[in-house]
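What follows is a set of notes on a single structure, which appears directly below.
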Amino acid sequence: MAEKTTKKTTTTRKTSAKSTTTTKKKTTAKLPEIKVTEKKKIVFFGSEAAPFIATGGLADVLGSLPKALAKNKNLDISVVLPLYSNINQEFKSQFKFLTNFNVAVGWRWQYAGVFLYEYQGVKFYFIDNEYYFKREGNIYGYYDDGERFAFFSRAALDTLARLDIYPDVLHCNDWQTAASIIYLKGMYYGDEKYRKIKTVFTIHNIEYQGVFGMDTLESLFGFSTSLKDQVEFGGCVNLMKGAIEMTDILSTVSPTYAQEIKYAYFAHGLHEIINKNAKKLYGILNGIDIDYYNPETDKYLFANYNVNDLSGKAVCKAELQKMLNLPVKADVPIVAVISRLVSHKGLDLLRCTIENLLTQDVQLVILGKGEIAYENFFNHIANNYKGKCVTIIAYNQDLSRKIYSGADIFLMPSKMEPCGLSQMIASRYGTVPVVRETGGLNDSIKAYVGNSGNGFTFHDYNAHDMLYTINKAIRTYKDKNAWKDVQAKAMTTDFSWKVQAGEYERLYDK
């Protein structure tokens, strides 16, 4: 852009000189005004982001949405994350140290270091504190999670000032960063630079709200007593409730979920707070990174393929059957479940009907970890139905890709599902989803009827409705022309961030 402007300036000068010679009058060439358009700064605060650290859908969103937004050259996109010890050393070796300072955590002061890594057009800032984040295994589930993320929420805000990167919009995600909005609006508001920052708070799952005893109000979080009414709910400090009340814009991860959380059944107690703030509530369906989840290039697959040539998918199926010690049968459909093994994923429905399903000519593969009762049950079934059912109690990215690509039908019967990404990933790999019509499942998968629709759906949370729909998918599988049609529709559904990123841009403009 700068080079073109220079050329234009030179041309203007030559023209003026010629005019001077002709008229023999002195003139001064007027240089064209160069308009400098300052980029709009968007900063995300989050507790995880792919590919650095991931436990669920939040990581996929914070790994792919900022990347999609960064393609708009009028936006300056940054993400602030904790520097967990189990981030891959391959990434950490490239992090650049920027600064360090002390952060107030209640009555204490804690060290914070800041590192930078630029990745796919996005600036990622990592907040370092080994006491809080140098822990083996899980990144959540510790007795001091409240303190850990109070520290992170405040350190992330302080980083904006230290690096002079005050954004136009601060986009916080789930309870782990909800305190940032409470601090910003309730305690940092005296500073004009902070006061100008607008906020978006996204609820990825309203079940997890960041609830702590009222004795933590000042001693742990350092909230002033004037904030008590904003953050108190049910006699406790509720960080999500405080963020909902104080943010400028509230969003969720699908249009259907935005409506569902207005009702007690879905809102885990916060339905009245949601309805009170409904005028600033928006639902935008998540997308996935279609370059990352691409059967044509995915290095985890036994063979690559695309919608026009599915021969590689047949190889993936046969190799998966060999790998899991299942009979190699091309004409027997593989039904797959890749999920956290917890109740809201609808596993009670599968538990009620699994033996009815396994009396048919099918193979069932279950991958996931979770509640011990489900782990034991599905292990028991696998032992009783060897050669038809395999259960793997693990989180395994390599195996999950092999299952996505090698299976035929993907089962996701969730009781509630804010968005869900697994149904989109499965579709991308030509594994046709069977889902319940809730949350983002309802927005992304439409029932295959006639020659329209990209999957199979059922409405009521009922085990036999689910089994009926699975059987409908199996019958369709046996009709090769119909199956090829629904499979192609699933694979060509646009689950990219292209449209949704535009919706977020419009949200930021508000």
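Accessible area per residue for the chain is 45 Å², calculated with a 1.4 Å probe on protein heavy atoms, without ligands, DNA or RNA. Computed over the chain, the range of Cα coordinates on each principal axis works out to 95, 70, 45 Å, biggest value leading. Segment 457-477 and segment 286-327 have Cα centres lying 25 Å from one another.
At q = 0.17 Å⁻¹, what base-10 log of I(q)/I(0) does the Debye formula yield for segment 221-346 when every alpha carbon is treated as an equal point scatterer in vacuo? Result of the Debye calculation: -0.96.
Each of 75, 270, 109 was placed along the dipole of the chain (beta-carbon charges, centred on the mean Cα), and the one lying farthest toward the positive end is 75. Helix content alone sets the calculated 222 nm mean residue ellipticity of the chain: runs of n ≥ 4 DSSP H residues at -39500 (n - 2.57) each, divided across all residues, give -11500 deg cm²/dmol. Pairs exceeding 26 Å between alpha-carbon atoms, taken from 345/386; 313/415; 123/193; 386/478; 96/241; 73/96: 313/415; 96/241. Computed over neighbours whose Cβ is under 9 Å from that of residue 405, the net charge equals +3, Lys and Arg +1, Asp and Glu -1.
Dipole check for segment 125-251: with +1 at the C-beta of Lys and Arg, -1 at the C-beta of Asp and Glu, and the Cα centre as origin, the magnitude is about 280 Debye.
The C-alpha atoms of segment 418-510 occupy a region whose extents along the principal axes are 49, 29, 21 Å, arranged from largest to smallest.
Helix 347-358 and the long axis of the chain differ in direction by around 40°, with both axes built from C-alpha atoms.
Given the peptides 94-102, 74-82, arrange them by the average over their residues of other C-beta atoms within 10 Å, most packed first. Please list the in-between numbers first.
Values: 94-102: 12.8, 74-82: 22.0.
Those peptides, ordered most packed to least, come out 74-82, 94-102.
When the solvent-accessible area of segment 83-136 is split by element, carbon and sulfur atoms take up 47 percent of it, the probe being 1.4 Å.
What dipole magnitude, in Debye to the nearest 20, does the chain give about its Cα centre under +1 on Lys/Arg Cβ and -1 on Asp/Glu Cβ?
Working: 63 positive and 54 negative charges, 586 e Å.
Result for the chain is approximately 2820 debye, rounded to the nearest 20.
Put simply, segment 128-200 fits an ellipsoid with semi-axes of 25, 13, 10 Å; these come from the alpha carbon gyration tensor as the roots of five times its eigenvalues, largest first. Taken along its principal axes, the alpha carbon cloud of segment 70-136 reaches lengths of 42, 26, 17 Å, longest axis first. Helix 57-69 and the longest principal axis of the Cα set of the chain meet at an angle near 40°.
Just add up the charged neighbours of residue 65: K/R +1, D/E -1, any other residue whose Cβ is under 12 Å from the Cβ of residue 65.
Numbers: positive: 67, 71, 498; negative: 60, 289, 503, 505.
Once positives and negatives cancel, what remains is -1.
Excluding residues fewer than 8 places away in the same chain, name every one of the aspartates and glutamates whose C-alpha is closer than 15 Å to that of residue 262. Reachable aspartates and glutamates: 207, 245, 272, 417.
Give 92/388; 41/92; 41/280 a once-over and call out the pairs whose C-alpha atoms are over 31 Å from each other. Don't jump to the answer; show the numbers that get you there.
Numbers: 92/388 43 Å; 41/92 25 Å; 41/280 21 Å.
Beyond 31 Å: 92/388.
Across the cross-link table entries 322/472; 71/446; 39/276; 39/198; 185/510; 67/185, which are compared at the Cα atoms, the separations over 24 Å belong to 322/472; 71/446; 39/276; 67/185.
Over segment 210-249, the reciprocal of the mean inverse Cα-Cα separation, the Kirkwood hydrodynamic radius, stands at 10.0 Å.
Here segment 283-417 yields Rg over Rh of 0.97, to two decimals, using C-alpha coordinates and the Kirkwood radius.
Tell me which chymotrypsin sites (Phe, Trp or Tyr not before Pro) from segment 244-342 have a DSSP coil assignment and no more than 10 other beta carbons within 10 Å of their own.
Numbers: sites: 257, 263, 265, 266, 282, 292, 293, 300, 302, 305; in loops: 263, 292, 293, 300, 302, 305.
Passing both the DSSP loop test and the Cβ count: no residue.
Taking segment 140-283 on its own, what percent of its Cα-Cα pair distances exceed 21 Å?
Details: 4048 of 10296 pairs.
Result: 39 percent of Cα pairs exceed 21 Å.
On the protein heavy atoms, probe 1.4 angstrom, tell me the percent of accessible surface of segment 266-379 carried by carbon and sulfur.
That share works out to 50 percent.
The values are calculated or read from the model by the stated rules, or taken from the named source; none is laboratory data. From a predicted model like this one, the values you see are computed outputs, not experimental measurements. Glycine gets a Cβ as well: all are built from the backbone with ideal geometry, and neighbour counts include every protein chain shown. With ligands, DNA and RNA removed, areas are computed over all heavy atoms of the protein, side chains included. Shrake-Rupley method; radii C 1.70, N 1.55, O 1.52, S 1.80 Å.
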